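Data first, discussion second: the structure below is written as structure tokens.
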Amino acid sequence: MRREGDLFLFDCGEGTQRQMMQAGLGFSRPMSIMISHLHGDHVLGLPGLLQTMSSLVRDKPLDLYGPEGIEAYLASLRRTLGFGANFPVRVTELKPGQGVKRDGYAIETTNALHDVTCLAYAFVEEERPGRFHPQIVKRLGVPEGPLWKQLQMGNDVVVDGKTIHARQVIEKPRPGLKIVYAIDTRPTDPVKVLAKGADLLMHDGGFTDDRKDKAKEYLHSTGREAAKLAKSAGVRRLALVHISAVTRDDSILLKQARSVFRNTLVPRDLMVLSLKRSK
Ligand SMILES: [Zn+2]
Ligand SMILES: [Zn+2]
């Protein structure tokens, strides 16, 4: 995910740095990586990526989030590969349900249902202040200066004995974007709660209906199950991820999911989705 010059990566499977090169993203931006769990297909790209970053002139920090154990994994890589001398790597271990607040956004987590501790993530932008309308302020007879500032801060002011309410001149706060990533999981209530109202939900959903039992057994989800969750969580768009290797034809998967939730897609490598904040 690219946001205002920063990169956010959900998991780091094998081949990640190669795809980053293909996508022309570069390795020098500030970057945060959110690791869901410590299974190979989600973390084996880290050694390569970190090694490449340390061979370049990188000074921007790298933030790494993950479940308990991610610190030990990183420490073992550091010991054996000796990377990271030229840029700071900040590791934050999160328990399911824990989150962090950062400048302009928050990262929230919940428990995904898998056979090891697995985090589902929500990236939640802060609300932005509503639009301020100077023409209206002028029309209401408020002299430019400190009183404007008060109104902009959301405080009511009194002019010639008349109260001017901030809500008369400022629109409601505008919600930021919410992006949710829940992989290697069964569809569960905690994930549904986390996904509520998301602009984009990336949900495990690589199994077709005929392999429903397998999805259950391996603690993954069918496309249809992911679609049901997306629908009940009121998300805007669903991307099915962790497509099973045996699902050669994803049109069936897509059809099954779309019969429940229309706005579903199966992302292709290097596909770009632009998410727009509501006005
Ligand atoms: Zn797994
Ligand atoms: Zn996996």
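Here, segment 140-279 yields an orientationally averaged convex hull projection of 11.8 nm² when only Cα atoms define the hull. For the chain, the alpha carbon convex hull comes to 161 Å³ per residue, rounded to a whole number.
Hull volume per residue, based on the alpha-carbon atoms of segment 87-215 and their convex hull, is 183 Å³.
Beta bridges from DSSP with both residues in segment 146-279: antiparallel share about 20 percent, rounded to the nearest 5. Just to be sure I understand the curve: with the Debye formula and one point per C-alpha of segment 73-125, what is log10 I(q)/I(0) at q = 0.17, 0.25, 0.26, 0.28 Å⁻¹? Those come out to -0.73, -0.94, -0.95, -1.00, one per q. Antiparallel DSSP bridges in the chain: what percent, to the nearest 5? The antiparallel proportion sits near 50 percent. Semi-axis lengths, largest first, of the ellipsoid equivalent to segment 1-62 are 18, 13, 11 Å, with √(5λ) applied to each eigenvalue of the Cα gyration tensor. What the Kirkwood sum gives for segment 36-87 is a hydrodynamic radius of 11.6 Å, with every pair of different alpha carbons counted. Just so you know, the Rg over Rh for segment 91-152 is 1.37, from Cα atoms, with Rh as the Kirkwood radius. Derived scalar couplings between HN and Hα for segment 181-192 equal 10, 10, 10, 6, 8, 7, x, 10, 4, x, 5, 4 Hz in order, rounded to whole Hz, by the Karplus curve 6.51 cos²θ - 1.76 cosθ + 1.60 (θ = phi - 60°), x for Gly and Pro. State, as an integer percentage, the relative contact order of the chain based on alpha-carbon contacts under 8 Å between residues 6 or more apart. It comes to 12 percent, rounded to a whole number. Computed over segment 15-102, the quotient of the alpha carbon radius of gyration and 2.2 N^0.38 Å is 1.06. Ligands, DNA and RNA left out, the 1.4 Å accessible surface of segment 122-205 is 54% carbon and sulfur atoms. Ordering Leu201, Phe132, Gly99 by Cα displacement along the dipole of the chain toward the positive end leaves Phe132 in first place; charges were set at the Cβ atoms of Lys, Arg (+1) and Asp, Glu (-1).
Ordering Ala72, Pro146, Thr163 by Cα displacement along the dipole of the chain toward the positive end leaves Thr163 in first place; charges were set at the Cβ atoms of Lys, Arg (+1) and Asp, Glu (-1). Take every pair of alpha-carbon atoms less than 8 Å apart whose residues are at least six positions apart; their mean separation over the length of segment 175-275 yields a relative contact order of 28 percent. Short-range pairs are left out: with C-alpha atoms under 8 Å and at least six residues apart, the relative contact order of segment 32-151 is 22 percent. Counting only Cβ charges, +1 for Lys and Arg and -1 for Asp and Glu, the dipole size of the chain around its Cα centre is about 1100 debye. The alpha-carbon atoms of segment 231-272 define a convex hull whose volume equals 83 cubic angstrom per residue.
The values are calculated or read from the model by the stated rules, or taken from the named source; none is laboratory data. What you are looking at is a predicted structure, and each value in this text was computed from that prediction instead of being measured. Glycine also receives a Cβ, built like all others from the backbone with ideal geometry; neighbour counts cover every protein chain displayed. Accessible surface is based on the protein model in full, side chains and every heavy atom, while ligands, DNA and RNA are left aside. Shrake-Rupley method; radii C 1.70, N 1.55, O 1.52, S 1.80 Å.
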